[in-house]
Amino acid sequence: MDFYAVKFFATSSLTAEIIIGYMFGKQKGNPEYKVLSIPKSKLPKFELPDINLSYIEYKSKLEELYYKAIKDSTVLDLNKQFLAFVQSTIKRYGPEIINAKMFLGVRDSDVAVIKAILSEIFEEWEGEVNLKIVAEKLTYQDLVWLMTQHRSFSEKEKSYLNRVDVQSAPEVLPLTDPLNGMTINNLDVGDPVYSLIIDSVEPANLNKLKEQYPDKFDENGKNILPIESKLIAKELVTDTDYYFIKVDLGGGIIGKAVISKNLKMMVDSNKIAEMHKKREEYFNPPEDKIIGDILKESIAGLKREANLPENKVRSSDVLIIFGLSIGLIIGAILLGIWLGVF
């Protein structure tokens, strides 16, 4: 279990409102949550998502409901106050503490703990609440497979997956980390990402991959554990919010994917930061390093031309060579001036 997801529906006899939402997180860090309060008199206007839906589908439908509901000025005003209340309450209790308790409650299938946490958050707003909850234990792989079930590409996005240069490449999906992941805009070509192959693979290539990653495929050839792949191309799908990417899966095998620009991909953030730092130093070296490198390369060239071994040139030799070079340059300038005058 890497993540928990708790979907909830709450009512109170003290207020004429219902609360619907979710809380999502992993063992450490702050939770991600979405809450919406709707007056009961407004309920006939809206279709509430079923909390028994999978987390990905439930979240998507709740987002749709939220943006439809707040177009109503009454609902909008109510939720401005309600969201401010929830944020201040979670801050008061401590978001990391709430998150850790919720993670343990879901992990241990302790419904009482989960309900107690949510009741404490809402009771000052609505008093005693009646809660219905559905909790899910999720892994990184679960999120990937859930995402594959709810994708809907247009013909334009599909055309990128069917391009001539990638027709034989299997489709992959990068592992997602909604809390600490990085979007494609923050990744460079060459960066490592974790991918799952969701498409059939040619037998010869499948054998290569299974030899390279024997523990990442089941007996039926299904990729069950993520592969650390290298991002080798990224291209914005014109007039959309999607990117087309290629990844190197190893052994010369390329994977392809179309992903949302907002998808947070799971990465090793320390490794990424180090790689970006090295690239920055390579393309924008400090001025003193540039001068030193040029001088070093010039001296190395002179040594090669003179057939001198590397360890035979002392610092004094370097100064003499550099001085002679400067002298020759100045002499050439003076000669040019003299010739120009006469």
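The values are calculated or read from the model by the stated rules, or taken from the named source; none is laboratory data. All values derive from a computational prediction rather than experimental measurement. Note that each Cβ is placed from the backbone with ideal geometry, even for glycine, and that neighbours are counted across all protein chains shown. With ligands, DNA and RNA removed, areas are computed over all heavy atoms of the protein, side chains included. Shrake-Rupley method; radii C 1.70, N 1.55, O 1.52, S 1.80 Å.
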Q: Hand me the GluC sites (Glu not before Pro) from segment 1-93 located in a DSSP loop with no more than 12 other Cβ atoms within 10 Å, in residue order please.
A: 47
Q: Go through 34/91; 7/101; 34/261; 234/264; 34/80 and tell me which ones have a Cα-Cα distance over 18 Å in this structure.
A: 34/261
Q. What nm distance separates the two modelled labels at residue 113 and residue 84, each placed 7 Å from Cα along Cα→Cβ?
A. 3.4
Q: Compute the accessible area per residue over segment 143-279, keeping the other protein chains in place, probe 1.4 Å, unit Å².
A: 50
Q) By how many nm would the segment from residue 68 to residue 269 grow when fully extended, if each residue of separation counts as 0.36 nm and the alpha-carbon distance is taken off? A) 68.7 nm
**Q.** Theoretical FRET efficiency, 1/(1+(r/R0)^6), r = Cβ-Cβ of residue 222 and residue 180, R0 41 Å, to 0.05
**A.** 0.90
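For segment 83-171, run through the chymotrypsin sites (Phe, Trp or Tyr not before Pro) and keep only the ones in DSSP coil with at most 14 other Cβ atoms within 10 Å of their Cβ.
153
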Q) Between residue 235 and residue 123, 0.36 nm times their residue separation minus their Cα-Cα distance comes to what? A) 35.5 nm
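Want the number for residue 199 to residue 260: 0.36 nm per residue separation, take away the alpha-carbon distance, what's left?
20.1 nm
About its Cα centre, what dipole magnitude does segment 143-279 give when the only charges are +1 on Lys and Arg Cβ and -1 on Asp and Glu Cβ, stated in debye to the nearest 20?
Its charge dipole is roughly 280 debye.
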Q) Where the centre of each part is set by its Cα atoms, how far does segment 1-60 sit from segment 236-285, in angstrom? A) 33
(Q) Computing the accessible area with a 1.4 Å probe over protein heavy atoms, can you report the carbon and sulfur percentage for segment 3-138? (A) 52
Q: Heavy atoms only, probe 1.4 Å: what % of the accessible area of segment 143-279 goes to carbon and sulfur, would you let me know?
A: 47
**Q.** Sites matching GluC sites (Glu not before Pro) across segment 175-250 that sit in DSSP coil, with at most 11 neighbouring C-beta atoms within 10 Å
**A.** 219
Q: Under a cut-off of 13 Å between alpha-carbon atoms, report the aspartates and glutamates in cross-link reach of residue 158, not counting same-chain residues fewer than 8 places apart.
A: 171
